[in-house]
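I have placed the structure first, in the form of structure tokens, so that the comments after it can refer back to it.
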Amino acid sequence: MNLTNAETGKEYIIRDILTDDEEMDAFLFSLGCYSGEPITVISHLKGGCIVSIKDGRYTIDNQLASAILI
């Protein structure tokens, strides 16, 4: 399952990041988004979602959200 299907307010563990784009992979890593880290969807938006990773909240688009497997 990827992040676009996640329940709001429930904490998940990131299983894998599926992307061939090195820039996207590096960007997600800089947010602290990598395998084994907990992630929570705060809310779903029309073009993406707001997530909580570690102590930060970030808005990510659907392309990024679909690359994050939980």
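Taken together, the values in this text are just the output of simple stated rules run on the coordinates, not laboratory data. Just so it is clear, the model here is predicted, and its values are computed rather than measured. Counting neighbours? That spans all protein chains shown, and the Cβs are built from the backbone with ideal geometry, glycine included.
Show that you can apply the helix-only estimate: for the chain, add -39,500 (n - 2.57) for every DSSP H stretch of four or more residues, divide by all residues, and state [θ] at 222 nm to the nearest 500.
-5500 deg cm²/dmol
Springs between alpha-carbon atoms under 10 Å, Gaussian network over the chain: tell me which of Gly48, Gly32, Gly56 tops the mean-square fluctuations.
Highest fluctuation among the options: Gly56.
Once label points are set 7 Å from the Cα along Cα→Cβ at both Gln63 and Phe29, what is their separation, rounded to one decimal in nm?
It works out to 2.0 nm between the two label points.
Expressed as a rounded percentage, what relative contact order does the chain have, with Cα pairs under 8 Å and six or more residues apart?
Computed value for the chain: 42 percent relative contact order.
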